[in-house]
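Quick note: the coordinates plus some simple rules give every number you see, no bench work behind them. Predicted model only: the values in this text are computed from it and were never measured. Note that each Cβ is placed from the backbone with ideal geometry, even for glycine, and that neighbours are counted across all protein chains shown.
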Amino acid sequence: MRKILLATTALVGFAVTGAAHAATSPLNVTLGGSTDFVAANFADQNHAGPNSNNRDFETVYGLNFTVSGKAANGLEYGGVLGLTNAGDISNNFSGTQTSPYLNAGNIYLSSAFGKVVLGDSHGATDLTVGAPSVGEGQTTGRYADFLDTTQFAKTFVYGVDGTDHSTNVTYFTPKVGFEGVKAQLAASYIPQFYNYGSSGVKYNAGSTFGTAAGSTNTLSPYHDVFKVAGDVSGNLSAVALTGSAHVISGSSDATSLAPTTVGGLSVGNNAAWIVNAPAGVVQSFTAWGIGAQAALDGFTFGGSYDDNGHYNAVSGQTKDQNQYSAGLKYEFSKFGVAANYTGGEGYDNLLSTAGGTGSSANYIKSFDSYGLGGTYSWAPGLTSNVDGVLFDQKSDAGVKNDGYVLLVSQKLAF
């Protein structure tokens, strides 16, 4: 839509200002967002017992302000400001929060030479594709909100940058092609991984990931992160094909850390997502992945493979880290259904029960999840969704965890 929507009393001041500006300039200001009410029943082996909760509600919401304009010389420009209460790496993927936070805030400039995005965004990996899903996302979706991050390896749900909105600079090339085949490349530079908003990191090295006075690097030891991604799409007879590939690399300072300083929650500003790592140097990493989808007559089949390198690992943790997925989606009329699978092996140093020492510490040697979901659109923006996910994980130390999440939701998007 091409107008200002007055959504809530708290937004009146912003909206009125935007309306006055829109009346006197060629800029278009749009307010959109969503509210998603979710009811879930869930269980996992490591939380069985009389005091274990197995049902709950959550409400996930977001607001997105977008601005767009076009200069006399043909330059297109604009920006995005997004707020949400959905969980991400900054709160250990613990599910929704009581207060919204910034998850996108950027400016873009676009011309025949490509597009530059400056600010908080996913960056180049927006070009990647993988297993299709519907509604709440099945094996890479909302179900993970209802599982404990110290017991369930959410790293296999989100990957290296599944919820990443680091402050970065990204360049997208124009789409080029011939005979119906189009390709695009993108590259991002991120000074501090997972750092976003107005935070500026003044100290990077140190035994506690920069707890010196003035440091705000509380989320990750990774800096000078580069992303490169590309996709290609075209048609083979009546089949629409899309493929993608990406590489992500990040550097970490070669400082040997004691267990309490490798993310120990009681020690200052540490990277909480490796809170239970053994002592050692957090390793620099290079991760790469590929994905593909094929669509025909309402059916979409796709999958992906990712090699996460040494991401989330300290010295001594040298085993393979892989993720893979496959899925099938069918959409017809107002309905959509999907079935998908996500599996892998790798380290999750947030887990508190995996046990083991050295290279075996917190290594999940097998992870499997199976999802089935559906969605129905009652009216524009109004959908009902259902998801069921079964999962099973086993650590190298012999600790097992399996369970399920069943959820239904009502979503309003505007």
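Give me the number: length gained by fully extending ASP320 to PHE332, i.e. 0.36 nm times residue separation minus the C-alpha to C-alpha distance, one decimal in nm. The partial results should precede the final answer.
Values: separation 12, 0.36 × 12 = 4.32 nm, distance 4.01 nm.
Result for the pair: 0.3 nm of gain on full extension.
Between LEU27 and THR59, 0.36 nm times their residue separation minus their Cα-Cα distance comes to what? Don't skip to the end; give the middle numbers.
Working: separation 32, 0.36 × 32 = 11.52 nm, distance 3.26 nm.
The LEU27-THR59 span can extend by a further 8.3 nm.
Between THR35 and ALA294, what is the FRET efficiency for a Förster distance of 35 Å, r being their Cβ-Cβ separation, to the nearest 0.05?
According to the calculation, E is roughly 0.55.
For LYS400 and ALA72, what is the calculated FRET efficiency with R₀ set at 60 Å and r taken between the beta-carbons, to the nearest 0.05?
It comes to 0.40.
Determine ³J(HN,Hα), in whole Hz, for all residues of the stretch 229-237 in sequence, where each value follows from phi through the Karplus function 6.51 cos²θ - 1.76 cosθ + 1.60 and θ = phi - 60°; x replaces Gly and Pro.
Once θ is set to phi - 60°, the couplings for the stretch 229-237 become 8, x, 9, 9, 9, x, 10, 10, 6 Hz.
Sum up the charges of everything whose Cβ sits under 11 Å from the Cβ of ASP44, counting Lys and Arg as +1 and Asp and Glu as -1, but leave ASP44 out.
Once all neighbours under 11 Å are counted, the net charge is -2.
Suppose R0 equals 51 Å. What FRET efficiency, 1/(1 + (r/R0)^6) with r the Cβ-Cβ distance, do SER198 and PHE178 give to the nearest 0.05? Could you put the intermediate results ahead of the total?
Values: r = 45 Å, r/R0 = 0.87.
E(calc), rounded to 0.05, equals 0.70.
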